[in-house]
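Nothing in this text is a laboratory measurement; each read-out follows from the coordinates by a stated rule. Just so you know, these numbers come straight off a predicted model, no measurement behind them. Cβ sites come from the backbone with ideal geometry, for glycine too, and all protein chains shown count toward neighbours.
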Amino acid sequence: MPEKDESQAKPREEPRIGVYVCNCGGNIGNVVACDNVARVLGKLPNVVTSHSHMFMCSDPGQNLIIDDIKEKGVNRVVIGACSLFLHEQTFRSAVERAGLNPYLYYHVGLREQVSWVHHDNPKEATDKATRMMMGGIAKARYMRPLEPVRLDAGKHALVIGGGVAGLRSALDIARRGLQVTLIEKSHYLGGHMAQWERVFPTHQKARVLLKELIERVLAEPNITIHTGAQVVRTQGYVGNFQIKIRQEPRGVHGAFPNEQEAVAVCPIKQRREFDYGLSTRKAIYRAYNGCVPESLVIDWENCTKCGECVKVAPEGMINLNEEAREFDLKVGAVVLATGFKPYEPLYGEMGWKEFPEVITLAQLHRLLDDEGPSDGKFYWNGHPVRDVAIIHCVGSRQIEGVHRPQPDGNVNNYCSRVCCTASMSMAALIRQKAPDAKVYDIYEDIRTYGRGHEDYYRNAGKEQVTFLRYFAEEIPEVMRADESADRPLLVKVKDHLTWGETIELPVDLVVLATGMMPNPVDDLIGMFKVSPGNDRFLLEVHPKLRPVETAVNGIVLAGTAQGPMNIQESCAAAGAAASKVAALLIQGEVELEPFVAVVDPERCNGSGKCIEHCPQEEALTLETFTENGRTFQRAVVTPANCNGCGVCAGVCPNRAIDVAGWRLDEFEAMVEAITDEIPAMEGAI
Amino acid sequence: MTNTLKIDALVVGGGIAGMQASLDLADQGYQVALVEKNPSVGGMMAGLSKVFPTLDCCSCITTPKMSAVAHHANISLMTYSEVQSVMGNEGDYQVRVMKKPRYVIEDECSGCRSCEMVCPLDLPDYDNEYGRGAHRVIYVPFSTAVPQKALIDIDNCIYCGKCLKACTTNAIDFAQQPEYVNIETTSIVLATGYKTTPYDAKKEYGGGRLRNVVHGMMVERLLAPTGAYGRQLRPSDGRQPDNIAYVQCAGSRDLTLGVDYCSRVCCMYAIKQAMLLAGALPMADITIYYMDIRAFGKGYEQFYENAKAMGIQFVKGKVARITEDENQNPILRVELIDQNSRVVERKHDLAVLSVGMLPGFDPNSMYGVPVDKDGFIKAPNPNISPTLTMREGIFATGTATGPMDIVDSIITAGAVAAEAAAYIQSHNGHRQLVAEQTERSVTHA
Amino acid sequence: MSTNEGKPKILILATLSGGYRGADSTGQSHLEYPPNTYILPVMSAAIFRESFYLKAFERGFDGIIVMYSGTDSPYKGESERTAVIVNSAYELMKKQEIDLRRLKLAAICTVCVRPFLNEVNKMNELLGQIGPLQHKTPAVQPVR
Ligand SMILES: Cc1cc2nc3c(=O)[nH]c(=O)nc-3n(C[C@H](O)[C@H](O)[C@H](O)COP(=O)(O)OP(=O)(O)OC[C@H]3O[C@@H](n4cnc5c(N)ncnc54)[C@H](O)[C@@H]3O)c2cc1C
Ligand SMILES: Cc1cc2nc3c(=O)[nH]c(=O)nc-3n(C[C@H](O)[C@H](O)[C@H](O)COP(=O)(O)OP(=O)(O)OC[C@H]3O[C@@H](n4cnc5c(N)ncnc54)[C@H](O)[C@@H]3O)c2cc1C
């Protein structure tokens, strides 16, 4: 049931206005006749007291206001002084110290907007100052006390996605003493980082680094982790999201000694996603050795429930009839850390799927991994790879009309940020594993921008990697070589480092440096009302200033869900997201500015216009009320979702909705007052 | 006079990174002191024109942050102040800060600038305008400076006393002495930023002697609405340039200058400036000589594409030398990488060196925090914990940890706040608001 | 003290994230402009319905400049909505034969000193040419 708007119902007290005109030590006073202004304003209705003062911001100035409030019963304050940006806070707190609602004060800028810009016209400046103050006084008659919007906030956050970004932000939030639930869709933690051999810029083993992080997360008592889990329903707003989670069963409970046997008896063979199809797995499998959680898992989609594995496993270890479970969470904020997926080339794109010797950079990582499908030997099709070409910007920096679009009709016109340095680091690894191999690097621009990245580029040059440069309009071609040739593939490039000559490179293997696409999260976008950008990655409020917040209060972004990033950048973004969550939830209460829409119940006839135009999600709803047997509809504001943009106020046909603190009737009164007759004054200026 | 302050975090450097880190810590309820050596916060960002890739007016997005740090109840802002010594141990640092004399009493000054009006002496403004603009001997640093307080360049003051008479609040004090503040803090965040690579270091580019060879930051000021001239001109004769060259990697990726890294922002700011110049000077030709265009951030590639569509010329080439003709037009000798390193000479009427970034400060001797071979603060675990330094309880953020743009500075500022907050929390013995602990459970494990 | 009487009056509705700070920056530069300018701070310019502008003309303003933040607005939808409403106000103005140039929508940033002065001067020039507003028809009734 929506709450009743109390402030509307209360009878308004008679305004008793205190007026203060600051001389600013002559800055205002030398141009504007402050004493006269104060005297004139004192004649206006409702003005109880009116002063001119040398420095209103000084302690004596502030005390004057406080005394008037306490002793003269002043209940509205109008101050004309320097810019409101300098001293609005000062005066608000003075008013509050006197026991008055701090929003019952209005500030008129008499320095930056009057005395400093009209020195040549003291008379007219005084007239303008008087009128501006009259406007302020008119507004003061209409002002109502405002309270910040306070919402109870659960000291509990949900992190969606258990890649390096999700893990890092869960850790940072938990270390602040808040509860964290982390859910991961797959059955293991770590996301893509687990798949890489070594990572730039430190050349460390990715899984070693990841393991350290996961161990810290596991050691944190405030974190609860659910793998195989996804959000199915959400409701509520910042401070109070109610979320339903569905967790797929794992089917296997803990490790057991003859796991290998249980796997061996499984008759199903599937492409191993972890190796990007370079190897196969069974329907009972482990993503990789050492993964967390480490027990085997059943691939329900492909398992035929033949029961072979159950027979060999110890009693109760495997349960093929386990059901999914659903449970509810109440959290104050949500971190979206749903990550990326590597770009999947289209059929025939530079030979992809057409020739088995064309692989992606992600596959190359698996291939060169000591724990990978070829135990780290640089072999393809059973033969050592001699010559290899790496082609950059596959699925990135695409150009409309040149590249084939994605299903949504758009090309990927962004840079994927990590592929250049990742390629350079892989080139170095190839050299290490196959010192005689020729490595061709076919690029548009080398973007080794980060700290330590340029070293990889420079070393690649030293390691005799051959660079060729293509333009996006002239995509390199990958072709099958003649039967007689001793290299199966031919790469044809128009090389712009050598007069645009077309060069043919015979190679054993082509590596496509594929970029990043966001993991598809349309369901979450719909449930949380966040927006994707044109590049399909989740959209931040402001790409420069507020890069980890979304337009929905309480929903923040971490890592590659927001755009291509490397591990370092994902972890930094995760930390930033954690800071925002901690600031929101740490007090157990969220406080928002009071400048939100308010509905006048007398005037609202449920036209729904405001809702139609409101640009915020779920800030306004039409609800049905029954009063004295009459049923009607009326707009209701959810202050937590309203940012006070005022679009509703401009479109309501009944003038039934306003932004608190910025009501239209206040503005009308100001306009009237400014153009009013100035009260007559005995004596000259 | 000496005061003592007990706080949770001391943030050193009031650029965008330091300001954001302060706000993110203060918003979590921690007590923060922000020490900035210059008379205003804002750092390099406060002087930029518009920012890539949004082309937001830069002051418009900086000023609210600047006033936010000044007004935040949990932040003590100390501008024109420097750390003098750091003692103590991990988690319990004693820091001595000197507030340099402004010769203007901060609490009294109302920022009215009456003193400025009467001061008879103009000085070239090196700090904010690279010698192009001027300020008085007594001056408020710039129009959006925070705090809006005057200071006197005492070395150049002739003590004529005019400001004394003009000041309505008796704020001027020629005898002002430094003040000292002793700070006890659990943690320290270094956000000491960057400086640009010297534009006169490279002999081949004229060593700073060619008048129509300027650097990126100067152009920012030409383009800024608050800049000294308010229009685009070339220094030698004030004429509008109509054939402008950008020389990329002038000071970065250049082993001869000892700067072997990429400075990360220069491609983007050159493209931005080129677009703004093209808007202001529709008839001008603008050419960017580059090695690789590194438009890697969110929305950056599209920005680059827009610039190409606007007709800005991109030439892949390394500028080997710059000389000038008799009209002081810069002549660029360019190795065209795209054409097998063929060498050509191109005449322009203004050349802009896209200078890179050097660390703004070496914290090793004072803070015991070593730097890496690139001179930026060393990160022991750059992948997972990019804001840690080699010393416990001391963290680093923004361009103090390597070149980066504003959005990345803001992100690492959020990250350093999280890292420092966790440290403070564990160090202060969970003194506030400890959430009740529930049983740890990892389902499926 | 009726020194401004009879002179054209300009109402400036200036957003806190744009024009109002622009006006402050102009003040900090101590640049003169005519004092017939009445600047009201607004959080978002979208709150003003078309009748408000008409009412301001009726009350004696001869020109109105809405100084919002344009596409830099922190509020989603503000700039589009404001433009739509100003356009409807133009329709009403046409009916009342009010010169449309008396109402101007201008994007002013927080340090846009020159653009601010430019708008103020242009409006004053215009009012100098076309004179104060003469009411041809009885004033509109605000929708209450
Ligand atoms: C080929 C290649 C090589 C790379 N090499 C390096 C390198 O050397 N150094 C480096 O720094 N970076 C490298 N990177 C980048 C690095 O992989 C990423 O920066 C990092 O993995 C991003 O982590 P993340 O947590 O944002 O995303 P991810 O790793 O994608 O994690 C996201 C997680 O969220 C889960 N998830 C998705 N949707 C949902 C949902 N709806 N509900 C629950 N969970 C969900 C996913 O299952 C996944 O576990 C490389 C990238 C590529 C493609
Ligand atoms: C020409 C040019 C154009 C640019 N344009 C853009 C752009 O359009 N978009 C973009 O995103 N980025 C741009 N950048 C980059 C941008 O300027 C930086 O990313 C950003 O300003 C870095 O902020 P910071 O806080 O890390 O450092 P800084 O701004 O350098 O701040 C550091 C602060 O610390 C203070 N300080 C230093 N040492 C000490 C000490 N020992 N004690 C106390 N205080 C100290 C300094 O005075 C300074 O205030 C541009 C850079 C240049 C050179």
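If you average the C-alpha positions of segment A:561-633 and of segment A:361-387 separately, how far apart do those two centres end up, in angstrom?
Cα centroid to Cα centroid, the span is 51 Å.
Calculate how large, on average over all directions, the projected area of the Cα convex hull of segment A:286-429 is; give the answer in nm² to one decimal.
Values: hull surface 57.9 nm².
Quarter of the Cα hull surface area: 14.5 nm².
Average partner chain C-beta neighbours within 10 Å, per residue of A:393-402? All intermediate terms of the calculation are to be shown ahead of the outcome.
On the way: counts 1, 0, 0, 2, 5, 1, 1, 1, 0, 0.
Mean shielding count: 1.
Where a ≥ b ≥ c are the square roots of the eigenvalues of the C-alpha gyration tensor, would you call chain B rounded, which needs a/c under 1.5, or, failing that, prolate if a/b is larger than b/c, or oblate?
Values: a/c = 2.11, a/b = 1.27, b/c = 1.66.
It comes out oblate by the Cα gyration axes.
Two decimals, Cα atoms only, Kirkwood Rh: what is Rg/Rh over segment B:340-398? Walk me through the intermediate numbers first.
Working: Rg = 18.8 Å, Rh = 14.6 Å.
So for segment B:340-398, dividing Rg by the Kirkwood Rh gives 1.29.
Kindly write out, for segment B:349-358 in residue order, the coupling ³J(HN,Hα) from the Karplus curve 6.51 cos²θ - 1.76 cosθ + 1.60 (θ = phi - 60°), rounded to whole Hz, with x marking Gly and Pro.
Once rounded to whole Hz, the list reads 10, 8, 10, 10, 8, 7, 6, x, 10, 10.
So what's the back-of-envelope 222 nm ellipticity for chain A, counting only DSSP H runs of four-plus at -39500 (n - 2.57) apiece and dividing by all residues, rounded to 500? Each step should come with its number before you reach the end.
Details: 17 runs with 175 residues, N = 685.
My calculation for chain A gives -7500 deg cm²/dmol from helical runs alone.
Please quote Rg/Rh for the protein assembly as shown to two decimal places, taking the Kirkwood radius as Rh and restricting both calculations to Cα atoms. Could you put the intermediate results ahead of the total?
Numbers: Rg = 32.9 Å, Rh = 33.4 Å.
Across the protein assembly as shown, the Cα-based Rg/Rh ratio is 0.98.
Determine the alpha carbon to alpha carbon distance for each of B:Lys203/B:Lys373; A:Lys211/A:Lys311; A:Lys494/B:Lys203; B:Lys65/B:Lys318; B:Lys149/B:Lys272 and list only those over 29 Å. Numbers along the way, then the final one.
Numbers: B:Lys203/B:Lys373 24 Å; A:Lys211/A:Lys311 33 Å; A:Lys494/B:Lys203 36 Å; B:Lys65/B:Lys318 39 Å; B:Lys149/B:Lys272 32 Å.
Over 29 Å Cα-Cα: A:Lys211/A:Lys311; A:Lys494/B:Lys203; B:Lys65/B:Lys318; B:Lys149/B:Lys272.
Any chance you could check the Cα centroid distance between segment A:240-295 and segment A:138-165 for me, in angstrom?
41
As a footprinting exposure proxy, order C:Leu103, B:Leu233 by other Cβ within 10 Å, with the fewest listed first. Before the final figure, lay out each step's value.
Values: C:Leu103 24, B:Leu233 14.
So the ranking, lowest neighbour count to highest, is B:Leu233, C:Leu103.
Taking 0.36 nm per residue of separation and subtracting the Cα-Cα distance, what length does fully extending B:Arg342 through B:Leu233 add? Intermediate results must be reported in sequence, preceding the final value.
Values: separation 109, 0.36 × 109 = 39.24 nm, distance 3.17 nm.
Length gained, B:Arg342 through B:Leu233: 36.1 nm.
Short version: ³J(HN,Hα) in whole Hz for each residue of segment B:296-312, in order, from phi by Karplus 6.51 cos²θ - 1.76 cosθ + 1.60 (θ = phi - 60°), x for Gly and Pro, what are they?
Those phi angles translate into 9, x, 5, x, 6, 4, 5, 4, 4, 4, 4, 4, 4, 5, 6, x, 6 Hz.
Would you please give the FRET efficiency between B:Met366 and A:Arg150, computed as 1/(1 + (r/R0)^6) with r the Cβ-Cβ distance and R0 = 60 Å, to the nearest 0.05? Please list the in-between numbers first.
Numbers: r = 43 Å, r/R0 = 0.72.
Here the calculated transfer efficiency is 0.90.
If the chain between A:Lys330 and A:Lys433 were fully stretched, how many nm would it gain, using 0.36 nm times the residue separation less the Cα-Cα distance?
Numbers: separation 103, 0.36 × 103 = 37.08 nm, distance 5.14 nm.
Taking A:Lys330 through A:Lys433 to full extension adds about 31.9 nm, to one decimal.
Straight-line reach from B:Lys162: which aspartates and glutamates have a Cα under 17 Å away, not including same-chain ones fewer than 8 places off?
Straight-line reach from B:Lys162, under 17 Å: B:Glu116, B:Asp122, B:Asp153, B:Asp173.
Let's test the formula: R0 of 30 Å, r as the Cβ-Cβ distance of B:Glu82 and C:Glu32. What FRET efficiency results, to the nearest 0.05? Provide the component values of the computation, followed by the final result.
On the way: r = 40 Å, r/R0 = 1.32.
E between B:Glu82 and C:Glu32, to the nearest 0.05, is 0.15.
Residues with beta-carbon under 14 Å from that of A:Gly136, excluding A:Gly136: net charge, scoring Lys, Arg +1 and Asp, Glu -1? Mind dumping the intermediate values first?
On the way: positive: A:Arg76, A:Lys128, A:Arg131, A:Lys139, A:Arg141; negative: A:Glu88, A:Glu666, A:Glu672, A:Asp676.
Counting the neighbours of A:Gly136, the net charge comes to +1.
With r defined as the distance between the Cβ atoms of C:Ala83 and A:Glu612 and R0 fixed at 22 Å, what FRET efficiency is calculated, to the nearest 0.05? Provide the component values of the computation, followed by the final result.
Details: r = 18 Å, r/R0 = 0.80.
The computed FRET efficiency comes out at 0.80.
Shape call for segment C:31-130 from the C-alpha gyration tensor, a ≥ b ≥ c root eigenvalues: rounded (a/c under 1.5), prolate (a/b greater than b/c) or oblate? Write out the running numbers ahead of the final one.
Values: a/c = 1.86, a/b = 1.03, b/c = 1.80.
Oblate, since a/c reaches 1.5 and b/c is not below a/b.
Could you work out the mean projected area of the convex hull around the alpha carbons of chain A, in square nanometres to one decimal? Let's see the in-between values first.
On the way: hull surface 167.7 nm².
About 41.9 nm², averaged over all directions.
If you take the square roots of the eigenvalues of the alpha-carbon gyration tensor of segment B:198-356 and sort them as a ≥ b ≥ c, do you get rounded (a/c under 1.5), prolate (a/b over b/c) or oblate? Don't skip to the answer; put the middle values down first.
Working: a/c = 1.32, a/b = 1.04, b/c = 1.27.
Taking the square roots of the gyration eigenvalues as a ≥ b ≥ c, segment B:198-356 is rounded.
If amide H atoms are built 1.01 Å from N in the plane of the peptide, which residues on other chains or at least 5 residues away come under 5 Å of the amide H of A:Ile390?
Result for A:Ile390 returns A:Tyr440, A:Asp441, A:Ile442, A:Val511.
Please give every one of the lysines within straight-line cross-link reach of C:Lys122, meaning a C-alpha to C-alpha distance under 25 Å, and leave out same-chain neighbours fewer than 8 residues apart.
A:Lys123, A:Lys128, C:Lys7, C:Lys9, C:Lys55, C:Lys94, C:Lys95, C:Lys104, C:Lys136
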